[in-house]
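Peer 1: Attaching a single structure in structure tokens format; questions to follow.
No value in this document is a laboratory result; all are computed from the given coordinates. Model, not experiment: these values are computed from the prediction. Note: ideal-geometry Cβ built from the backbone for every residue, glycine included; neighbour counts use all protein chains shown.
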Amino acid sequence: MAVKPIPDGYQRVIPYLVVERVPPLIAFLQSVFDGEVLERMDAPDGRVMHAEVRVGDSIVMMAEAKEGYPPRPGTLYVYASDVDDAYRRALHAGASSLMEPADQFYGDRNAGVADASGNQWWIAARREELSPEELRARALAQG
């Protein structure tokens, strides 16, 4: 039987975050986005070598920084059913606000937070379906 190049349940592009401490990031994903830990491999020294957390239909992979692999904060755009609630949960989980929830010209409601590792999470929910022409007109009107 042939091995699939992309395992079942995995998307083609997967963010991989390298942070100082993985456990707080896992807790953040669980409390803000109802993340489900799929895998966690700890090194003998207790450091998390690799972890995978499912958020909705996507997987986020992560590992703790080490020599040769410094922390690299990332920026992720996450769709949620309730932006305001996810934003409040993120702040409660220790994130700092980058932008309070607001409706945007491109049809999404957005909020931005930074987690304790410096990753930025842009939380969104689609509010309007816009044609390419409507989107261009609104973008031009923004200046």
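Peer 1: Say R0 is 35 Å: what FRET efficiency, to the nearest 0.05, do His50 and Glu100 get from their beta-carbon distance?
Peer 2: Using R0 = 35 Å, I get an efficiency of 0.55.
Peer 1: Are there trypsin sites (Lys or Arg not before Pro) in segment 26-123 that DSSP puts in a loop and that have at most 16 other Cβ atoms within 10 Å, and which ones?
Peer 2: Arg47
Peer 1: Here's something else I'd like to know. Give the long-range amide H neighbours of Gln104: residues separated by 5 or more places, or on another chain, with amide H under 5 Å away, using H modelled in the peptide plane at 1.01 Å from N.
Peer 2: When sequence neighbours closer than 5 places are left aside, the close amide H contacts are Arg109, Asn110.
Peer 1: Normalised by the number of residues in the chain, what is the relative contact order in percent for Cα pairs under 8 Å and 6+ residues apart?
Peer 2: 21
Peer 1: Across segment 42-51, in residue order, what do the Karplus-derived ³J(HN,Hα) couplings come to in whole Hz, using 6.51 cos²θ - 1.76 cosθ + 1.60 with θ = phi - 60° and x for Gly and Pro?
Peer 2: These are the phi-based 3J(HN,Hα) values: 9, 6, x, 7, x, 5, 7, 6, 7, 9 Hz.
Peer 1: Return the percentage of antiparallel bridges among DSSP beta bridges fully within segment 16-142, rounded to the nearest 5 %.
Peer 2: 75
Peer 1: Next question, about the same structure. Name the residue from Gln30, Val55, Tyr16 whose Cα lies farthest towards the positive end of the charge dipole of segment 1-63, charges +1 on Cβ of Lys and Arg and -1 on Cβ of Asp and Glu.
Peer 2: The residue sitting most towards the positive pole is Tyr16.
Peer 1: Multiply the residue gap between Met61 and Leu38 by 0.36 nm, knock off their C-alpha separation, and tell me the result in nm, one decimal place.
Peer 2: So the chain would gain 7.3 nm between Met61 and Leu38.
Peer 1: Right, next: So if each residue of separation counts as 0.36 nm, and I subtract the Cα-Cα distance between Ile6 and Ala116, what length gain in nm does that give?
Peer 2: Taking Ile6 through Ala116 to full extension adds about 36.5 nm, to one decimal.
Peer 1: May I ask you to compute the full-extension gain from Gln142 to Ile14, defined as 0.36 nm times their residue separation minus their alpha-carbon distance, rounded to one decimal in nm?
Peer 2: Stretched fully, the Gln142-Ile14 segment lengthens by 42.9 nm.
Peer 1: About its Cα centre, how strong a charge dipole does the chain have in debye, to the nearest 20, once Lys and Arg get +1 and Asp and Glu get -1 at the Cβ?
Peer 2: Once rounded to the nearest 20, the dipole reads 260 debye.
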